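Asker: What follows is a structure written as structure tokens; I'll ask about it next.
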Amino acid sequence: MDKLDVKINAKSAYSYPIFIGENLINNVYKLISDNTKAKRYLIVTNETIYPLLGKKLASNNSEFIILPDGEIYKNMETLIQITDKALEMKLERNDAIIALGGGVIGDMAGFAASIYRRGIDFIQIPTTLLAQVDSSVGGKVAVNHTSGKNMLGAFYQPQAVISDTSVLKTLDERQYKTGLGEVLKYAFIEHTCSAGKDFNFLEFLENNQNNILKREDKTLCELIKICCTLKSAVVNADEKEKGLRAILNLGHTYAHAIENLTNYKKYTHGEAVSIGIKMVFDLALKLNTVTKNYYDRAVNLLKSYGLLIKTDEVFDKEMFYHVMQGDKKVTEGKLKIVLPNGEKSVEITDNIDKKIILSGI
Ligand code: NAD
Ligand code: GLY
């Protein structure tokens with residue numbers, strides 16, 4: 001088992017561990033009880049995950065809330081169901097909420113933990129690749145609103161993250177590939193993350209493709225460890241996304257518009273992200289911020305993992321831009337784009353001409 005420590009804000013003393021390994025779920029309460037003083041737990045999960053993993057977490061000190069499965073349920077109504085269940089259980093201030101699921105469950109359970117009795121402990125047990133490499137780390141918790149994704153939320157860090165690679169075996173191929181969309185983004189931002197060490201993650205992904213696609217545990221542990229180290233370096237420098245943290249959204253400004261304009265039905269988040277990453281690379285090539293060589297390498301990597309790189313939708317360009325502007329990453333009306341600007345590095349820009357931004361749509 002690997003253990004990473006995520007330090008939040010260099011000046012604060014707060015940090016939490018991320019445990020990464022195979023079959024950690026079989027002994028999960030030892031890891032949990034080492035990291036919280038909670039006596040009782042509310043486990044938030046969904047109808048797909050409960051039959052797969054519920055038994056492993058059943059205990060005399062815990063109760064489950066089993067939610068319907070899907071992004072469409074990531075809303076205030078479901079959030080209230082979670083807090084109602086916590087109230088019904090009379091969960092106390094020093095008890096804890098456990099998120100057992102993908103990013104949807106993690107984001108909602110974390111938000112519920114942040115508001116229940118003004119905040120109780122929260123443990124993440126991410127069960128999708130996307131959640132293990134991204135959403136379980138860094139404390140962004142939220143629900144969607146009709147006006148947009150993740151519009152209501154908070155920054156609320158967990159007490160611990162427990163990432164077990166063995167649980168990824170039951171993920172269907174589409175969801176696994178969805179996670180790979182977020183994985184590949186780290187290869188293109190690695191240098192800008194300033195993690196203090198060179199992981200050569202782009203080369204790692206190029207060289208370990210078979211093992212990664214086969215979900216081989218040791219390779220996955222290494223992959224998750226690198227992604228979480230890169231992410232935690234960024235979160236450590238900029239927890240509340242005042243600047244640097246926006247680089248984790250490479251491709252996301254396009255992706256959010258694609259998801260929104262297809263009513264969150266046609267593409268998973270990670271599929272929209274891989275399309276969005278290709279779109280920002282197209283933009284970078286047009287703006288000459290990357291070489292054709294590096295552009296080809298990036299596009300080949302996306303293709304070689306079988307990720308989506310284009311949409312067959314015909315979008316109205318003005319509408320697309322309007323929706324991009326509705327993204328939370330807009331400040332004073334300026335559209336921020338995370339732009340590749342060299343090998344493995346990106347910059348955050350807000351001065352790209354609208355015509356150029358829209359030319360690839
Ligand atoms: P998800 O949570 O909807 O899970 C995808 C599907 O896989 C669901 O049907 C789920 O029931 C199923 N599933 C989960 N674990 C499984 C397992 N082990 N075996 C079989 N099936 C399993 O989707 P996701 O991709 O994990 O997360 C997407 C969400 O994460 C979005 O809401 C997005 O906004 C959010 N997100 C948050 C952050 C953050 O920093 N908080 C970052 C990225 C994405
Ligand atoms: N997934 C983007 C972030 O955590 O900031």
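The values are calculated or read from the model by the stated rules, or taken from the named source; none is laboratory data. Because the structure is a prediction, the values reported are computed rather than measured. Cβ placement follows ideal geometry from the backbone for every residue including glycine, while neighbour counts extend to all protein chains displayed. In case anyone asks, the SASA skips ligands and DNA or RNA and just uses the protein heavy atoms, side chains included. Shrake-Rupley method; radii C 1.70, N 1.55, O 1.52, S 1.80 Å.
Asker: If you place +1 on the Cβ of every Lys and Arg, -1 on the Cβ of every Asp and Glu, and leave all else neutral, what size is the dipole of the chain about its Cα centre, to the nearest 20 Debye?
Answerer: The dipole magnitude comes to about 460 debye.
Asker: Against the empirical 2.2 N^0.38 Å scaling, what ratio does the C-alpha Rg of region 107-185 come to?
Answerer: Expressed relative to 2.2 N^0.38 Å, the Cα Rg reads 1.16.
Asker: Taking only the alpha-carbon atoms of the chain, what semi-axes of the equivalent ellipsoid follow from 5 times the gyration tensor eigenvalues under a square root, in whole Å, largest first?
Answerer: 33, 22, 19
Asker: Principal axis lengths of region 284-327 from Cα atoms, whole Å, largest first?
Answerer: Cα extents, longest axis first: 33, 26, 18 Å.
Asker: Quick check: Cα centre of region 278-357 to Cα centre of region 31-72, how many Å?
Answerer: Distance between centres, Cα-based: 38 Å.
Asker: May I ask you to give the solvent-accessible area per residue for the chain, in square angstrom, as obtained with a 1.4 angstrom probe?
Answerer: Here the per-residue accessible area is 43 Å².
Asker: For region 278-361, compute Rh as the Kirkwood radius over C-alpha pairs and then the Stokes-Einstein diffusion coefficient at 10 °C and 1.306 mPa s; write the answer in µm²/s, rounded to an integer.
Answerer: 115
Asker: Which pairs break 31 Å Cα to Cα here: Lys225/Lys354; Lys30/Lys185; Lys30/Lys169; Lys56/Lys90; Lys310/Lys334; Lys218/Lys292?
Answerer: Checking Cα-Cα distances, Lys225/Lys354; Lys30/Lys185; Lys218/Lys292 exceed 31 Å.
Asker: A further question follows. Given a 1.4 Å probe and heavy atoms of the protein chains only, how would you sort His256, His145, largest accessible area at the top?
Answerer: Solvent-accessible surface, decreasing: His145, His256.
Asker: Angle between the Cα long axis of helix 217-237 and the longest principal axis of the chain, 0 to 90 degrees, nearest 10?
Answerer: 80
Asker: Determine the relative contact order of region 20-130: mean sequence separation of Cα pairs under 8 Å and six or more apart, normalised by residue count, in whole percent.
Answerer: Relative contact order, region 20-130: 29 percent.
Asker: Given a 1.4 Å probe and every protein chain left where it sits, what share in percent of the accessible area of the chain is carbon and sulfur?
Answerer: C and S fraction of accessible area: 49 percent.
Asker: Further, regarding this structure: Semi-axes, largest first, in whole Å: what does sqrt of 5 times each Cα gyration tensor eigenvalue give for region 128-250?
Answerer: 24, 19, 13
Asker: Among the DSSP beta bridges whose two residues both lie in the chain, what percent are antiparallel, rounded to the nearest 5?
Answerer: 45
Asker: Which is farthest toward the positive dipole end of region 241-361 among His269, Val323, Gly342, measuring Cα position about the Cα centre, with Cβ charges +1 (Lys, Arg) and -1 (Asp, Glu)?
Answerer: In region 241-361, that residue is Gly342.
Asker: Tilt of helix 292-304 relative to the longest C-alpha principal axis of the chain, in degrees (0 to 90, nearest 10)?
Answerer: Helix 292-304 sits roughly 40 degrees off the main axis of the chain.
Asker: Also: On a 0 to 90° scale, report how tilted helix 252-261 is relative to the longest principal axis of the chain, with both axes built from alpha carbons and the result rounded to the nearest 10.
Answerer: Long axis of 252-261 versus the principal axis of the chain: about 80 degrees.
Asker: While we're on this one: Across region 174-183, in residue order, what do the Karplus-derived ³J(HN,Hα) couplings come to in whole Hz, using 6.51 cos²θ - 1.76 cosθ + 1.60 with θ = phi - 60° and x for Gly and Pro?
Answerer: So the Karplus estimates, Gly and Pro as x, are 5, 5, 5, 5, 4, x, 5, x, 6, 4 Hz.
Asker: Same structure again: Among bridges DSSP assigns within region 1-108, what percent are antiparallel (round to 5)?
Answerer: 40
Asker: Give me the accessible area of His252, 1.4 Å probe, in Å² rounded to the nearest 10.
Answerer: Ignoring ligands and nucleic acids, His252 comes out at about 10 Å².
Asker: Continuing with this model, one more query. With +1 assigned to the C-beta of every Lys and Arg and -1 to the C-beta of every Asp and Glu, and no other charges, what is the dipole magnitude of region 56-199 about the Cα centre in debye, to the nearest 20?
Answerer: Charge dipole, region 56-199, about its Cα centre: 180 debye, nearest 20.
Asker: Which of Asn211, Asn200, Gln175 sits closest to the plus end of the dipole of region 98-222, meaning its Cα is farthest towards the positive end, when Lys and Arg get +1 and Asp and Glu get -1 on the C-beta?
Answerer: Gln175
Asker: Placing unit charges on C-beta atoms (Lys and Arg positive, Asp and Glu negative, everything else neutral), compute the dipole magnitude of region 217-361 about its Cα centre in debye, rounded to 20.
Answerer: Computed charge dipole of region 217-361: roughly 160 debye.
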